[in-house]
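Taking it in order: structure first as structure tokens, then the write-up.
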Amino acid sequence: MRSSGGASLHVLPALPYAHAALEPHIDARTMALHHGKHHASYVDNLNRALAGFPELQHRSALWLLQNSGEIPVAARTAVRNNAGGHLNHGLLWRAMSPGGGGEPAGALSDAIKRDFGGFAQFKSRFADAGNKVFGAGWVWLVRAQMDGGALQVVTTSGHENPQMRGRFPVLVNDVWEHAYYLKHENRRLDYLNAWWAIADWDEAARRYEMSGNAAARQQDNDDGRPIAPA
Ligand code: MN
């Protein structure tokens, strides 16, 4: 967070690796555009949408998504779309790593076996769900906050985030065409299958552990701003 004339602005987080670090699975040009143009535009447009509402400018992207009734109607759609774009892309960059791939370990591995029947079955479910998203959206491995905390594969449209529906993200992939089209063109399933080589299971395991801790869940957002009621 930085300040400008008393108002705090959302900022584009630095990528945790170089644009070319995920080659050949995701090409450097796609990463440069996806982070430096697409994600950057969500941040800029979120700040622009909040420009007339100083009482909302210190709120996290997650808070803005979870409290849309607090957003003036004239700004509500722009805030929701761009707060979601900002939050979801921050999660996406951390869901991938040049040292990724392989399989999850520990409690997350056990939960995947319990709830999907095995790791291969989970991967198939996730890729199939992502492939079937109509238009632009996201595919997620989430932990439900109800139903005994079961793992589920869910999809969202646009830039909606499953925390708007009581589900905590463990792993996420972006299936908007801008995420894959330069390299994979119309073959979204090829991208989803190639993506396993860079999925960061250490980060997913960390998030699975966090999912069982209400206080940690509340603090998990784009920039560390509190989302609990003021
Ligand atoms: Mn994207």
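The values are calculated or read from the model by the stated rules, or taken from the named source; none is laboratory data. The model shown is predicted, which means the values in this text are computed figures rather than measured ones. Cβ sites come from the backbone with ideal geometry, for glycine too, and all protein chains shown count toward neighbours.
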Can you say whether R143 is touching a Phe, Trp or Tyr at 6+ places or on another chain (Cβ under 7 Å) and within 16 Å of the ligand (Cβ to nearest atom), as far as the supplied structure shows?
no
When you scan the stretch 165-221, how many residues do you find that are away from the ligand (no atom under 16 Å from the Cβ) and either assigned to a loop (DSSP other than H, G, I, E, B) or free of Cβ contacts under 8 Å to residues at least 40 places away in the same chain (or both)?
19
Taking the options F134, F168, name whichever one is under 12 Å from the mean Cα position of the chain (by Cα) and closer than 26 Å to T77 by Cα.
F168
If you take just the helices (runs of 4 or more DSSP H) that sit entirely in the stretch 1-105, which of them hold at least 2 residues that are more than 24 Å from Q163 (Cα to Cα)?
28-33
Do you know which residues across the stretch 125-175 are among the aromatic types (F, W, Y) and out of contact with any helix residue (DSSP H, G or I) (no Cβ under 8 Å at 6 or more places or on another chain)?
F134
Please work out if H38 is modelled with pLDDT of 95 or more, crowded, with 18+ Cβ neighbours inside 10 Å and not assigned by TED's automatic domain parsing to the domain that holds F168.
no
Result of the Cβ filter at 9 Å on the stretch 69-91, keeping first residues that are not assigned by TED's automatic domain parsing to the domain that holds S41 and partners that are away from the ligand (no atom under 16 Å from the Cβ) and assigned to a helix (DSSP H, G or I), at least 6 apart or interchain, is none
